Amino acid sequence: MRRRGAILLLAWISAFAWLGCNALLGIESAVFEPDGGASALDTGRPNDEDGASGDASDASSSDASDAADVIVHPCTNTFIDTFNCGACGHDCLGGVCSAGRCEPVVIANEPGEPKAIAVDGTHVYWTNAKTGDVRRAPIAGGATQTLFDGPTGTDLGIGLVRSGPDVYFTIGDADGGVFRCPATGCGAGGPLPVVAPLDSPQFVGLADGGVLLFSEGAFDGRVGRCTLPCTSGPDFVAGPESFPKYVGSASGAVYWSTLIPAQGNLRAVLDGASPATTLVSGPSVQQIETRDDEVIFAARGSGMKALPRDGGTVRRLYEQQTQTDRFAIDGTVVYFSDTVSVGRMLSCDVAGCGDAGTTIASTQSRPYAVVVDKTSIYWTNLGDGNAGSIVRLAK
């Protein structure tokens, strides 16, 4: 034990001597790189080995790895340390740590109006409602790439899906429908039709089992679905409906929002065969998702709500009057936007938080669509004029 302690002490002295020499030479950014070339944006940590024998070689190897981790990002001040923000090991993934909380990072500034959003393991994707483009940028930061360069003003709807090798979106012109392109770009051939023609398609989403959901945002629009790659054609579960918009699905039931009557409804076909029924009438229902035995939805102007899948008493998750259209559920937490000129992003427990939701980002410029992955929350800022952006925040 004495010999092992002496070795570790010498390792620490050598390490700090090395750092001190670099500081004297003006190499301020020099740090030790973890094994495997992990970058500052990586959040994974080496797993402990099971069944360690406890002999000298195993112990020294483990201690050396731990010591290297501490030297790279020592946990000394969780109030301002970007690698240990609020708690040791909580990495802001490139964001600033302020008062123990991570600040959002702008992945891309987007002229126009970035709207729908999707994410995979390497990139974040979005549509631009003004320029008519589908674009992407690396999550870790880098150049923006245009996947589909549509004519200015092309109606790309309010949905975007990233699945398999492709990205799926709607085009709402005379030859409208759901289209797809490789995630690397559409190429000279342009986007390929998946479900077309459709009348003013608005939403496209993905349910369990690779089921693609879509809506026609017309006075007598339809709600449909198909299982990717949709070669067997669509199954229209409802229509005509009054401007159907967002769609959700679970266990064969399909749910959607309509614009009229009564300022918007939550409608459903509960078993795939029965006629459509109205579950909620009156609030301006926006995005719809299912979780466990409930349907969770945003009600513009009256917060976040939920009700049993087959209808019943509406339960309020968040009661304040927010301009909320979009949200994302991550386990027991729901993240949602307050789309006002100087908006904010909030979080709330799915069990409910009354008026006590947590503001996770403020002074955002009309935040809109939201998605999550294992490490982060992403959203689009519609912006004012031509000042939109794509934003990431470490959980």
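The values are calculated or read from the model by the stated rules, or taken from the named source; none is laboratory data. Not measured: the values here are computed from a predicted model. Cβ placement follows ideal geometry from the backbone for every residue including glycine, while neighbour counts extend to all protein chains displayed.
Quick one: in the stretch 358-393, of everything that is touching a residue at least 12 places away in the same chain (Cβ under 8 Å), among the small types (Gly, Ala, Ser) and surrounded by fewer than 16 Cβ atoms within 10 Å (Cβ to Cβ), which residue is nearest to Gln286 (Cα to Cα)?
In this case the residue turns out to be Ser362.
Taking the stretch 352-389 only, how many residues are touching a Phe, Trp or Tyr at 6+ places or on another chain (Cβ under 6 Å) and among the aliphatic types (A, V, I, L, M)?
4
So that you can scan it fast, the table gives a plain yes or no per residue for (1) under 23 Å from Trp126 (Cβ atoms); (2) surrounded by fewer than 23 Cβ atoms within 10 Å (Cβ to Cβ); (3) basic (Lys, Arg):
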position	(1), (2), (3)
Leu198	yes, no, no
Arg222	no, yes, yes
Leu228	yes, yes, no
Ala238	no, yes, no
Ser242	no, yes, no
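Quick grid of which residues meet (1) at pLDDT 95 or above; (2) assigned by TED's automatic domain parsing to the domain that holds Gly383; (3) within 14 Å of the chain's Cα centre (by Cα):
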site: Ala118; (1), (2), (3): yes, yes, yes
site: Thr122; (1), (2), (3): yes, yes, yes
site: Trp126; (1), (2), (3): yes, yes, yes
site: Lys130; (1), (2), (3): no, yes, no
site: Asp133; (1), (2), (3): yes, yes, no
site: Arg136; (1), (2), (3): yes, yes, yes
site: Thr146; (1), (2), (3): yes, yes, no
site: Gly150; (1), (2), (3): no, yes, no
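A quick yes/no check of all residues on (1) at pLDDT 95 or above; (2) more than 23 Å from the chain's Cα centre (by Cα); (3) part of a helix (DSSP H, G or I):
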| residue | (1), (2), (3) |
| --- | --- |
| Leu198 | yes, yes, no |
| Gln202 | no, no, no |
| Leu206 | yes, no, no |
| Phe214 | yes, no, no |
| Gly224 | yes, yes, no |
| Gly239 | no, yes, no |
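So which of Ala218, Ala268, Ala188 ends up being modelled with pLDDT under 95, assigned by TED's automatic domain parsing to the domain that holds Arg309, farther than 22 Å from Val167 by Cβ and of a type in the set (Gly, Ala, Ser)? Let's see the steps before the verdict.
Details: Ala268 fails: modelled with pLDDT under 95; Ala188 fails: farther than 22 Å from Val167 by Cβ.
The match here is Ala218.
In this structure, is Gly248 surrounded by 21 or more Cβ atoms within 10 Å (Cβ to Cβ) and part of a strand (DSSP E or B)?
Working: surrounded by 21 or more Cβ atoms within 10 Å (Cβ to Cβ): yes; part of a strand (DSSP E or B): yes.
Judged against the criteria, Gly248 is a match.
Could you grab me the full set of residues in the stretch 120-132 that are surrounded by fewer than 23 Cβ atoms within 10 Å (Cβ to Cβ) and either touching a residue at least 40 places away in the same chain (Cβ under 8 Å) or not hydroxyl-bearing (Ser, Thr, Tyr) (or both)?
Asp120, Gly121, His123, Ala129, Lys130, Gly132
Among the residues of the stretch 284-297, which ones are touching a Leu at 6+ places or on another chain (Cβ under 8 Å) and crowded, with 20+ Cβ neighbours inside 10 Å? Show your work before the answer.
First, the residues of the stretch 284-297 that are touching a Leu at 6+ places or on another chain (Cβ under 8 Å): 285, 288, 294-297.
Once the filter is applied, which keeps residues that are touching a Leu at 6+ places or on another chain (Cβ under 8 Å) and crowded, with 20+ Cβ neighbours inside 10 Å, the stretch 284-297 yields Val285, Ile288, Val295, Ile296, Phe297.
Could you check the stretch 300-395 for strands (runs of 3 or more DSSP E) lying wholly inside it with 2 or more residues that are modelled with pLDDT of 95 or more? Steps first, please.
Values: elements: 304-308, 315-318, 327-330, 333-338, 343-349, 358-364, 367-372, 376-381, 388-394.
Qualifying strands (runs of 3 or more DSSP E): 304-308, 327-330, 333-338, 343-349, 358-364, 367-372, 376-381, 388-394.
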